[in-house]
Amino acid sequence: MTTPHSPELGDTQRPSPNRPPGRTDDRDRPPRVTSWRDNALGWFRSARASEQDRGAAFVETAGVIILAALIITTVYTSGVSATFNEGVRQMVCLVNGPGCGEETWVDEERPDAPEQYEWGNDNSNLSDNKNLGMQAASADPYNWTDEEWTCLDNLWSQMSSWDPKLVDPETGARGIVGFNPAVHGSLPSGFQDSASAQIDWGLNHIQESYGSPCSAWRYWQSTKTY
């Protein structure tokens, strides 16, 4: 005769109070042991999926950049940019802005070109002025001849090409001798309209400041002033 089964604590065949007798499920079974092989395969699948996602994102980004570059290139090579600029220009013209006539916007904002002076071009009395200088330098009280005259000619040729009407726009030097009001004071009487007055002032300035034309010439070569 079969002996009835008496369930005890820990018996896997013990019926659960929450289900009919004789039914079992995973909750009543021992915990499942996951092998290292299952863990490795799961990690590999996750890493592979992540790499695929990053690769897809990179391809999408590169595609967007290439498309944007193509659009910009197409706009600049077509007439769209010129049409846009012309539309802006017409709107500015409605308020009488620059670029509405023959001048462009760049021309409207460009400053006037400074006047340029070509040294000695308008000096029609070059030879006469040199003769005046030679006569005055060789006379008393200077008596500068030969080498001193050559130094004097070099100095004033560099300063003005012996042009009594010259005004240097950069330094303000005037006339044959390079008189500079900022350095030498007020213009002597009759200086501006007389080559002879300019030469007399220049010879006296050289004698008082340097002693001789060659000393003044050497100083000018190192400083571009005297």
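The values are calculated or read from the model by the stated rules, or taken from the named source; none is laboratory data. Remember, predicted model here, so these are calculated numbers, not experimental data. Because the Cβ atoms are built from the backbone with ideal geometry, glycine has one as well, and the counts that use them run over all protein chains shown.
Name every residue in segment 140-188 that is β-branched (Val, Ile, Thr) and assigned to a loop (DSSP other than H, G, I, E, B), in order of residue number.
145, 171, 176, 177
Taking only pairs six or more apart or across chains, which ones have beta-carbon atoms under 9 Å, a first residue in segment 126-139 that is touching a residue at least 24 places away in the same chain (Cβ under 8 Å), and a second residue that is acidic (Asp, Glu)?
126/163; 129/163; 130/153; 133/153; 136/200; 137/148
Being among the charged types (D, E, K, R) and closer than 14 Å to residue 136 by Cβ, is that true of even one residue in segment 170-182?
So far as segment 170-182 goes, no, none of its residues is among the charged types (D, E, K, R) and closer than 14 Å to residue 136 by Cβ.
Of all residues in segment 167-180, count the ones that are of a type in the set (A, V, I, L, M, F, W, C), out of contact with any His (no Cβ under 9 Å at 6 or more places or on another chain) and crowded, with 20+ Cβ neighbours inside 10 Å.
2
Of the residues that make up segment 112-126, is at least one modelled with pLDDT of 70 or more, in contact with a helix residue (DSSP H, G or I) (Cβ under 8 Å, 6 or more places away or on another chain), surrounded by 11 or more Cβ atoms within 10 Å (Cβ to Cβ) and under 25 Å from residue 202 (Cα atoms)?
yes
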